[in-house]
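Rule-based calculations on the coordinates, nothing more; no lab input. Just so you know, these numbers come straight off a predicted model, no measurement behind them. Cβ: placed from backbone, ideal geometry, glycine included. Neighbour counts: every protein chain shown.
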Amino acid sequence: MKQKSIVKWLGSLAAAASLFAAPVAQAEEDIVIGGSIPMTGVFAFAGIGIHAGITDYVKMINDTGGIKGRKIKYVPEDTAYKVDASVAAFKKITGQNKVNLYYGDSTAFAKTINPELERMGSIIMAGASFATEINDPKKYPNQFLVGPDYTEMIGILMRHIAKEKPGAKVAFVYSDTEFGRDPIDEGEALAKRLGLNVTGKIMTPPGSVDVSTEIVKLRRAAPDYTIFHGYILAPIPEFISQARKMGMTSQFMGTFWSMDNSMVMKMGEAAEGFMGVMPFRYYYESDAKAPMLEKIRKMRPEYQSNAYMQGFLTAMLFTEAAKRTLDAGKTLDGKNLKASLNTIKNFDTGGVVGVPITIRGNSIPVGRIYRFDSKQQKMLPASDWIHLD
Amino acid sequence: MDWLYLLEISLAGIGSGGLYALTGLSFVMIYKATKVVNLAIGEMLMLGAYLMFGMASNLGWPVWMAIVAAIIGSGLGGAIVERLAIRPMLGESPISVFMVTVGLSSVMIGLVELIWTADQQRLPEFMPSDPVMLGEAFIPPKLFYGFLVAAALILIALAVFRFWRGGVALRATASDQAAAYSVGINVPRVFSLAWIAAAMIAAIAGIVVGSIGGLSSSMGVFGLSVLVVVIVGGLDSVLGALVAGLGIGLLEALAGGYLGGEYKLLATFSTLILVLMVRPYGLFGTHEIERL
């Protein structure tokens, strides 16, 4: 009798345990992408695009059955582009989910959370940062950049310049921020190696309204090419319109974050002929063979920003790393995911990037030069895809 | 020595100094009349610029109409702020009123981000864009015209304080509120008037600043540089705002031109410390100013 009741008790305990165990097993099966996403605040223009990009790709994969039968779960949290909010979001999301992959919203966050990522050892992270410092697999073993780092972006621009006008005079205009200063010294050294002549390095204080002094300096530098870095929009239009009024004939160029089509259109007249480096195709490019872009246009008939493309490609690389890890029969931890990611060679992105991509170190050193055409109101290709070795 | 370079840099500095002086004028107007240190000055400027943007770009009004409406709208905003947030604080400690203005700045940023988001925007081009040449030297056109507007408004303000009854009432209120009451000056109305005028001047400064540097919800930071200007010039001196504005603009330009952009703020704040050590009440300020 006693034995019987113990068996009964054990039975009910097992039943209860199975009730609890069921959702746990389910949660283990999901592959989780966490995200500190700036949906509000100064970086919201990018955050909203990134969020849409990740959401769409995750939906596409889940609609076709997920990865080896496992669904992808995307858990974003708004950070307003503040590092403390980003860290809080990371803690919350990783506390409530078994996160495998994570999207971070800034360089500062990537640097802050790096020791935690290493300690946890269960996650790989990419994000909105292209900081050169993060492109170091030894210091940042669990992170990678979706695109070229800022120095590589400058490198792509320089190669284009050296080809178009050997020995050209180049000036850098950059903001006095970590973002702005990032590629300047390396960029100058590279210019020398390519036989280009750096005639000006002009720094603008952060948040400065009037840049007339800097424009006077730029005129003295008399560059053939002016490269802006460390800005989204202001003060680029004011620089360009004043410089042109002064009779300067320089080509004006930008890097990723000042290159979105809707942002360039806000420059008004100054946008004409504005060039820059872009690692992804633009939403509207229909002449190329890009089945993935067609799918995106079907899902979202209205223009999507370059930030969308970056979010979309991040989700694609995340899931590809997870797929390769599971295919090899390994557990989804940081080390295995990163190792799988680094096996990605000549990978077809469905046209999001115009050439097959290879992840070298922590970055994807490829990009193309685009130029703004004011008649079509579009950034259009001005070079082939440029690979850095 | 490249004299042309020096001349161009100096002209650019004086031009941007004009904007400092104009915003400083708005700050001084409020301080002079109400003894309120208004930390929301940068955000008042931002609000004026966004009002113009809203009417010109979002509603598609002609630029001149948008400018006039933005100035009037800002004046109304100034009146509402004074009536709802500042007047109930009459007689409270200066620190409390000061904190109210800190709160006001957050509210205004929130308001702008709610309506226009935090994305950077550009005002429609409305100033003549042909280069202004002084001999060989190039003066940025927007700075040149901005400077003319600033100079005109400052002259008007100086004249008003000296000759107009309302201006005299404002000065009387500033020097002794109780005495002003006793001779029949409607002190609350003077307060209201000061806030309205200051908000309108800030809107004009905002429209000029916005047309040069673009709009963003963080453009109120410009107000911080202006705080330095008014402290150097003397919190209650219109002339001080003018001289310090031009001086600091020139100094920043020279530091930026000869030392590099990273030395601009260093030069400004070193000057601030120096002036505070030698003349704690500012170059032209009244000696009895209450310190916070």
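Inter-chain Cβ neighbour count for B:213-225, averaged per residue, equals 4 (cutoff 10 Å, partner chain atoms only). Between 0 and 90 degrees, rounded to the nearest ten: what's the tilt of helix A:2-29 against the longest Cα principal axis of chain A? So the inclination is approximately 10 degrees. Dividing the convex hull volume of the alpha-carbon atoms in chain A by its residue count gives 148 Å³ per residue. Per residue of peptide A:211-223, the mean number of Cβ atoms on other chains within 10 Å of the residue Cβ is 6. Estimated from helical segments only, the mean residue ellipticity of the protein assembly as shown at 222 nm is -18000 deg cm²/dmol, where each DSSP H run of four or more residues counts as -39500 (n - 2.57). For the residue pairs A:Lys139/A:Lys330; A:Lys82/A:Lys266; A:Lys163/A:Lys298; A:Lys139/A:Lys266, alpha carbon separations beyond 28 Å are given by A:Lys163/A:Lys298; A:Lys139/A:Lys266.
Can you figure out the FRET efficiency of A:Ile344 with A:Glu77, using R₀ = 22 Å and their beta-carbon distance, to the nearest 0.05? For R0 = 22 Å, the calculated efficiency reads 0.20. Against chain A, whose longest principal axis comes from its Cα atoms, helix A:306-327 is set at around 40 degrees.
Around B:Gly213, under 9 Å between beta carbons, what's the net of Lys plus Arg minus Asp minus Glu among the other residues?
Values: positive: none; negative: A:Asp210, A:Glu238.
Here the charged neighbours net out to -2.
If R0 is 56 Å, the Cβ-Cβ spacing of B:Ala79 and B:Asp130 corresponds to a FRET efficiency of close to 0.90.
Kindly work out what percent of the DSSP beta bridges joining two residues of the protein assembly as shown are antiparallel, to the nearest 5. Could you put the intermediate results ahead of the total?
Numbers: 18 of 52 bridges.
That works out to approximately 35 percent antiparallel.
For the pair A:Lys330 and A:Lys192, a Förster radius of 45 Å applied to the C-beta separation gives a FRET efficiency near 0.50, rounded to the nearest 0.05. Each Lys or Arg adds one and each Asp or Glu subtracts one; over the other residues with Cβ under 12 Å from the Cβ of B:Leu90, this totals +1.
Give the angle, between 0 and 90 degrees and rounded to the nearest 10, that separates the Cα long axis of helix A:184-193 from the longest principal axis of the Cα atoms of chain A. That works out to roughly 60 degrees.
Consider a paramagnetic label point 7 Å from the Cα of B:Trp3 along Cα→Cβ; state which residues of segment B:134-170 have an amide N under 20 Å from it. What the label zone holds, given the 20 Å backbone N cut-off, is B:134-139.
Cβ crowding within 10 Å, taken as a proxy for footprinting-reagent exposure, orders A:Leu117, B:Leu19 from fewest neighbours to most as A:Leu117, B:Leu19. Here the spin labels are modelled as points 7 Å beyond Cα on the Cα-Cβ line, and at B:Arg279 and A:Met246 they lie 3.4 nm apart.
Need the list of aspartates and glutamates near A:Lys245 for cross-linking: C-alpha distance under 18 angstrom, and skip anything on the same chain fewer than eight residues off. Straight-line reach from A:Lys245, under 18 Å: A:Asp210, A:Glu214, A:Asp224, A:Glu269, A:Glu272, B:Glu8, B:Glu125, B:Asp130, B:Glu136. The modelled label-to-label distance between A:Ala222 and B:Lys35, using points 7 Å beyond Cα along the C-beta direction, is 6.1 nm. Cβ crowding within 10 Å, taken as a proxy for footprinting-reagent exposure, orders B:Val132, A:Val352 from fewest neighbours to most as B:Val132, A:Val352. Annotation: aspartates and glutamates with alpha-carbon distance below 15 angstrom to A:Lys92 (same-chain offsets under eight excluded): A:Glu77, A:Asp78, A:Asp84, A:Glu116.
Cross-linked pairs A:Lys91/A:Lys378; A:Lys111/A:Lys323; A:Lys192/A:Lys295; A:Lys111/A:Lys217: Cα-Cα separations exceed 32 Å for A:Lys91/A:Lys378; A:Lys192/A:Lys295; A:Lys111/A:Lys217.
Karplus-based coupling profile of segment A:359-376, in residue order and whole Hz: 8, 9, x, 10, 9, 10, x, 9, x, 9, 8, 10, 10, 7, 10, 6, 5, 8, with θ = phi - 60° in 6.51 cos²θ - 1.76 cosθ + 1.60 and x standing for Gly or Pro. Among DSSP beta bridges whose residues both lie in chain A, state the antiparallel percentage, nearest 5. Close to 30 percent.
A:Lys163 to A:Gln377: extension gain in nm, 0.36 nm per residue of separation minus the Cα-Cα distance? Working shown, then result.
Numbers: separation 214, 0.36 × 214 = 77.04 nm, distance 2.65 nm.
Extra length from A:Lys163 to A:Gln377 when fully extended: 74.4 nm.
Our coupling estimate for segment A:124-130, obtained by passing each phi through the Karplus curve with A = 6.51, B = -1.76, C = 1.60 and θ = phi - 60°, is 10, 10, 10, x, 7, 8, 10 Hz, Gly and Pro reported as x. Computed from phi, the 3J(HN,Hα) profile of segment A:283-300 under the Karplus parametrisation 6.51, -1.76, 1.60 (θ = phi - 60°) reads 3, 8, 5, 10, 6, 8, 7, 9, x, 5, 5, 4, 4, 4, 5, 5, 5, 10 Hz, with x in place of Gly and Pro.
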